[in-house]
């Protein structure tokens, strides 16, 4: 899949060294994936929480950080919608956030 706003994840990892290894793994996984549904996302990443037909939440670095991504399976694109701490995640609406 093509990741839109991958630079956001790279910048976040640079600013948050604890998140960097997990974000690097997530980027590699997403870039090589050919997901066609949320079921496939959840099968590949069992800890992913499906929010709706287009969005999923991923725990990064043991849940210290949260990543929300939106998927266009038809076009094989994943859009980064949010990356932040658990506390920051608690303050947003995961179904509508579009921070990046």
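No value in this document is a laboratory result; all are computed from the given coordinates. What you see is a predicted model; the values in this text were computed from it and never measured. Positions of Cβ are backbone-derived with ideal geometry, glycine not excepted, and every protein chain shown enters the neighbour counts.
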Problem set entry | Full-stretch length increase - residue 77, residue 95 - with 0.36 nm per residue and alpha-carbon distance subtracted | 4.7 nm
For this session: Pick out which of 24, 85, 32 has the largest mean-square fluctuation in a Gaussian network model of the chain, springs linking Cα atoms closer than 10 Å.
Result: 32
Problem set entry | Approximate spin-label separation residue 15-residue 39, in nm, with each point projected 7 Å along Cα-to-Cβ | 3.9 nm
Seminar exercise, completed: Expressed in angstrom and ordered largest first, the alpha-carbon extents of the range 3-43 along the principal axes are 32, 19, 14
Problem set entry | Gain on full stretching of the segment that runs from residue 27 to residue 87 - 0.36 nm per residue minus C-alpha separation | 19.3 nm
Exercise. So what's the angle, to the nearest 10 degrees on a 0 to 90 scale, between helix 6-15 and the longest Cα principal axis of the chain?
Worked result: 20 degrees
Exercise. Quick one: helix 20-32 against the long Cα principal axis of the chain, what's the angle to the nearest 10°, folded into 0 to 90?
Worked result: 10 degrees
For this session: Report the extension gain between residue 49 and residue 4 in nm, rounded to one decimal, defined as 0.36 nm multiplied by the number of residues separating them, less their alpha carbon distance.
Result: 14.2 nm
For this session: State the antiparallel share, in %, of DSSP beta bridges confined to the range 2-89, rounding to the nearest 5.
Result: 85 percent
For this session: Compare 79, 12, 65 in a GNM of the chain, Cα atoms joined below 10 Å, and give the one with the largest fluctuation.
Result: 12
